[in-house]
Structures are given as C-alpha cells and as structure tokens.
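As structure tokens, the structure follows; a few thoughts come after it.
The values are calculated or read from the model by the stated rules, or taken from the named source; none is laboratory data. Bear in mind that the values here come from a model prediction, so they are computed numbers and not experimental data. Glycine also receives a Cβ, built like all others from the backbone with ideal geometry; neighbour counts cover every protein chain displayed. Side chains are part of the model used for accessible areas, which takes the heavy atoms of the whole protein and leaves out ligands, DNA and RNA. Shrake-Rupley method; radii C 1.70, N 1.55, O 1.52, S 1.80 Å.
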Amino acid sequence: MKLQQLRYLIAIVRNHLNISAAAEALYTSQPGISKQLRLLEEELGVELFSRNGKHLTEVTPVGRQIIVKAENILREVNNIQILAEEYRDDRRGSLSIATTHTQARYALPSVIKEFRERYPAVTLQVHQGSPAQIAELVQSGEVDFAIATEAMELFTDLVMLPCYLWERCVLVPLDHPLAALDFVTLQDVAQYPLVTYVFGFTGRSQLDAAFRDAQLKPDVVFTATDADIIKTYVRLGVGVGIVARMAYDAHYDQDLVRIDAGHLFAANMTRIGFRHGTFLRCYMYDFMQLFAPHLTRERVRQVEQARSFEEVELLFAGLELPVF
C-alpha cells in the first residue's frame, strides 16, 4: 500500500467518483489512477467502490471505513510535513481561510494587513463561499481555517472558537420615512419590502426568527450574499436593507441612513475553526489572536485538548466578547 494510492482514493471521493475529474485535480492521468485503484483493491482483497461497467457508482460499506482511515493517515502525514517545516523556518509557509463575503470584506482586512506585515513570507489565501462550502473546504483539508456565523451544525467535526458578536442595522435612503423616526420597531420595518442576505448567510436565520416570533411576515423582495450588492439595491429604492452593522461604511455610504437594529434582532456570534488534530504553526496561533485577541496561544491549546463542544464552551464561559 502506497501513500499515493491513498491520495488517489481520496481524490476520487472528493470528485464525486469521477476518475477523470480526480486525475485533472491531481495533474495526472486517468489510466494511472484507475490502475493504482485496482492494485489497491487487489492488495486489500475488497472492493472499495461498486461499479456499473467502467463507471464507479457508489462507495461500498467497507470502502467507507477504509476512506476514513485513509483520510486520517494523510492528515497525519501532512502534520509531519508541517512539523518539519516549522522547525526549518517558523516564519515561512502558507495559510488559507474560508469565509463569507461579509467577513472577507469588513472583518478581515485590518487583520490581514497586520498579519502580512508580521509574516511577509507566509502565502495567504482567502476563499469565499456559503457555510456548506466553507465547512467542506476545511473538512477536506483544502483550507486551514473556517470563519463562519451561520449553520454551526455543519461544523461539528471542527474545533470552533467564539470570536465576537455582531449586530445588524437597517439601511434606507436619506429621504425614507424610517429615517425620520426617533425609534424604529420591527412592525415599522415590516411595512416595507426588504433587501437582505440569502438564507443561510450572515445571520439570516436569526432575522427570520425575529419576524416569526413577532408574528410578522416580512416581504423579502431581493436577497444576496454580498452586503455591497444589498446596498446597491437599497439605493435603487428596491427595498429597506438589513445587513451586518459592520457593513456600513460612514465614508462611502453617506447617501444612506444607518438605523441600529440591535434591539430588533438577536446578536450573532462569529467563530473561527480548524480540523481536530491539525498541527497549528506559530503564525496560525498569531492569526487567530489578531482576529480575536482573547484567543491566546495558551487558550487555543487548552481548546485543542477538549473532547466536546460543551467542553470548548466551558473554557469561554463568562468571557465578555466584543460586539460590532
């Protein structure tokens, strides 16, 4: 059994049992992958996939178990490589992050700027996606960190650390009736068509819950994953915008009125996470602390030893998180 065969096996699974796509992802040939898969099955004495002619149709029960073991082996091999690199040069390497547009556009720029100043030899990549895409990228090992707010049920296989709370705001043009009110209620907002995030992004579920609890049915006429797009449609008069408060820029958004909505909707918590068993390099600890100052190296190392989500939460019990 060779490590390369295990890499081919995992690539086939990640590419939905499409050997051609797996070969393309690994910059190798389809016949080469097919041959190594056949050799692996012959050595193990079991079929890892069911077939219909030359096509793989599904993973066999024993194949599913072997794939889990293979992923663990490759993860440990990667940790060995990272550990050796850490001892060779702890200021050189790579860091990849998967997050949503709002985090990438509004929460991360200052953090990344300072991180780049500290670690100019570290290659940094930021991937944007939905919560499901973010979770898949980290779980597959394609990225190091996930930064997310929504759909925490997708991240149960990751170590997720609380970073900060954030609230929403209502955005309207300068001449909108809501801008003239001294105090805005949920009933006031529900009178108008709304422009906000796609469900599953940036705290949208909390927003829907607030209207539901108040027995109000909002008229959501336009949704987007990008706060800047939402602001564009607010400017066009399509509807009242509801976005993360951090997405309002006092300099660029002077033509819009920001109405704080902390009293209308519950605050959301943003978390940063990584795979269990990941070897964290020095600069990875530093990145987490830059993003959330209370995530000191000592605290993160305590979290790494925790065996459940409940134990992680206990480590942060009583900690007052910043609110944005």
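Name the shape class, rounded, prolate or oblate, that the alpha-carbon gyration tensor gives for region 272-324, where a ≥ b ≥ c are the square roots of its eigenvalues, rounded holds for a/c under 1.5, and otherwise prolate holds if a/b is larger than b/c and oblate otherwise.
Details: a/c = 1.98, a/b = 1.07, b/c = 1.85.
Oblate shape, in that a/c is at least 1.5 and b/c is the bigger or equal ratio.
By the gyration tensor of its Cα atoms, with a ≥ b ≥ c the square roots of the eigenvalues, what is the shape of region 93-181: rounded for a/c under 1.5, prolate for a/b over b/c, or oblate?
On the way: a/c = 2.80, a/b = 1.59, b/c = 1.77.
Since a/c reaches 1.5 but b/c is at least a/b, the shape of region 93-181 is classed as oblate.
Taking Cα pairs under 8 Å and at least six residues apart, what relative contact order does region 1-118 come out at, in percent?
Values: 67 pairs, mean separation 21.3, N = 118.
Contact order relative to length: 18 percent.
If you stretched the chain out fully between residue 313 and residue 232, how much longer would it get, using 0.36 nm times the residue separation minus the C-alpha to C-alpha distance? Before the final figure, lay out each step's value.
Working: separation 81, 0.36 × 81 = 29.16 nm, distance 3.85 nm.
That works out to 25.3 nm of additional length.
Taking only C-alpha pairs under 8 Å that are 6+ residues apart, what is the relative contact order of the chain in percent? Working shown, then result.
On the way: 477 pairs, mean separation 63.5, N = 324.
So the answer I get is 20 percent.
Residue separation times 0.36 nm, minus the C-alpha to C-alpha distance between residue 267 and residue 91: what's the value?
Numbers: separation 176, 0.36 × 176 = 63.36 nm, distance 3.65 nm.
So the chain would gain 59.7 nm between residue 267 and residue 91.
Report, to the nearest 10°, how far helix 282-291 tilts away from the longest principal axis of the Cα atoms in the chain, using its own Cα long axis and a range of 0 to 90°.
20
Considering amide H positions built from the backbone, and no H for Pro or chain starts, which residues 5 or more places from residue 94, or on another chain, come under 5 Å of its amide H?
Counting only residues 5 or more places away or on other chains, the set is 123.
Would you mind working out the magnitude of the charge dipole of the chain relative to its Cα centre, with +1 at each Lys and Arg C-beta and -1 at each Asp and Glu C-beta, to the nearest 20 Debye? Could the numbers behind the result be given before it?
Working: 32 positive and 40 negative charges, 183 e Å.
My answer is approximately 880 debye.
Among all the lysines, which ones have a C-alpha under 30 Å from residue 69's C-alpha, if same-chain residues fewer than 8 places away are not counted?
2, 35, 54
Please determine, in degrees from 0 to 90 and to the nearest 10, the orientation of helix 30-44 with respect to the longest principal axis defined by the Cα atoms of the chain, where the helix direction is its Cα long axis.
Roughly 70 degrees, rounded to the nearest 10.
Residue by residue, what Karplus-based ³J(HN,Hα) values in Hz, rounded to whole numbers, does region 122-130 have, using 6.51, -1.76 and 1.60 with θ = phi - 60° and x for Gly and Pro?
9, 6, 10, 10, 10, 9, 9, x, 6
Keeping every protein chain present and rolling a 1.4 Å probe, give me the accessible area per residue for region 1-85 in Å². Walk me through the numbers before you get to the answer.
Values: 5330 Å² over 85 residues.
Here the per-residue accessible area is 63 Å².
Could you tell me the calculated FRET efficiency between residue 198 and residue 321, based on Cβ-Cβ distance and R0 = 22 angstrom, to the nearest 0.05?
Values: r = 26 Å, r/R0 = 1.16.
Given R0 = 22 Å and the Cβ-Cβ separation, E is 0.30.
With everything on Cα atoms, drop me the angle between helix 109-118 and the longest principal axis of the chain, reported from 0 to 90° to the nearest 10.
50
Express in whole angstrom the spacing between the alpha-carbon centres of region 158-174 and region 268-324.
If we compute the Cα centre of each part, the gap is 18 Å.
Using θ = phi - 60° and the Karplus relation 6.51 cos²θ - 1.76 cosθ + 1.60, list the HN-Hα couplings for region 303-311 in order, rounded to whole Hz, with x at every Gly or Pro.
Per residue, the Karplus-derived 3J(HN,Hα) values read 5, 4, 8, 5, 9, 7, 4, 5, 5 Hz.
First compute the accessible area of region 1-129 with a 1.4 Å probe, then give the percent of it belonging to carbon and sulfur atoms. Each step should come with its number before you reach the end.
Working: 3890 of 7750 Å².
Ligands and nucleic acids excluded, carbon and sulfur reach 50 percent.
Once a ≥ b ≥ c are taken as the square roots of the eigenvalues of the Cα gyration tensor of the chain, is the result rounded (a/c under 1.5), prolate (a/b larger than b/c) or oblate (a/b not larger than b/c)? Mind showing how you got there, number by number?
Details: a/c = 2.35, a/b = 1.73, b/c = 1.36.
Since a/c reaches 1.5 and a/b is larger than b/c, the shape of the chain is classed as prolate.
Calculate, for residue 255 and residue 180, the FRET efficiency according to 1/(1 + (r/R0)^6) with r their C-beta to C-beta distance and R0 22 Å; round to the nearest 0.05.
On the way: r = 16 Å, r/R0 = 0.74.
Calculated transfer efficiency: 0.85.
Counting each DSSP H run of 4 or more residues in the chain as -39500 (n - 2.57), what helix-only mean residue ellipticity at 222 nm follows after dividing by all residues, to the nearest 500 deg cm²/dmol? Walk me through the intermediate numbers first.
Values: 12 runs with 131 residues, N = 324.
About -12000 deg cm²/dmol.
With label points built 7 Å along Cα→Cβ from the Cα atoms of residue 305 and residue 55, find their separation and express it in nm.
With each label point 7 Å from Cα toward Cβ, the separation is 5.2 nm.
Could you work out the relative contact order of region 192-324? I mean the mean sequence separation of Cα pairs under 8 Å and 6+ apart, divided by the number of residues, in percent. Intermediate results must be reported in sequence, preceding the final value.
Working: 105 pairs, mean separation 29.0, N = 133.
Over region 192-324, the number comes to 22 percent.
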